[in-house]
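Have a look at the structure below before the remarks.
Laboratory data are not the source of any read-out in this text; all were calculated from the coordinates shown. What you see is a predicted model, and the numbers here were worked out from it, not measured in a lab. All Cβ positions, even for glycine, are placed from backbone atoms using ideal geometry, and neighbour counts span all protein chains on display.
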Amino acid sequence: MTNTLLHFGRDDQGYNAFAPPPSNLKYSSTLTVGIDTSITVPSSAKTWTVVFSLEGGSSIWVDFSGATAAVPAGNTLQATTSELNPASRTVNAGTVVSMITGDATANVSVMLYANI
């Protein structure tokens, strides 16, 4: 299978417009409270753009460090490797992307685009 490459479109003034084609590497899940899921970014390209489509109103925590994503606890700021509702990130091949929610359920879709 050929990886979908990430190409930026141009708007009428020549600026980059983020409107990628549909990816051929898509994943989806209905997360349930406190149960993590993860994917490992393929090695068929050196770097990838990971794009998230998250259910409106959901809180989805995502970790790119190799640790399991964690829902925060307590009312003070703590160091973390998890990010709340990221839109997209550039990662290297082999990166483990872990996701978790503190909501009863949360739908998530993940699309991968190979970078040149």
- Message: Just to be sure I understand, how many residues within the stretch 74-116 are in contact (Cβ under 8 Å) with a residue 12 or more places away in the chain and either touching a helix residue (DSSP H, G or I) at 6+ places or on another chain (Cβ under 6 Å) or among the aliphatic types (A, V, I, L, M) (or both)?
- Response: 16
- Query: Within the bounds of the stretch 101-112, is there any residue that is in a loop (DSSP other than H, G, I, E, B) and under 11 Å from the mean Cα position of the chain (by Cα)?
  - Reply: no
- Starting from residues that are in contact with an Asp or Glu (Cβ under 8 Å, 6 or more places away or on another chain) and not charged (D, E, K, R), keep the ones in the stretch 69-95 and report whichever is surrounded by the fewest Cβ atoms within 10 Å (Cβ to Cβ). Thr81
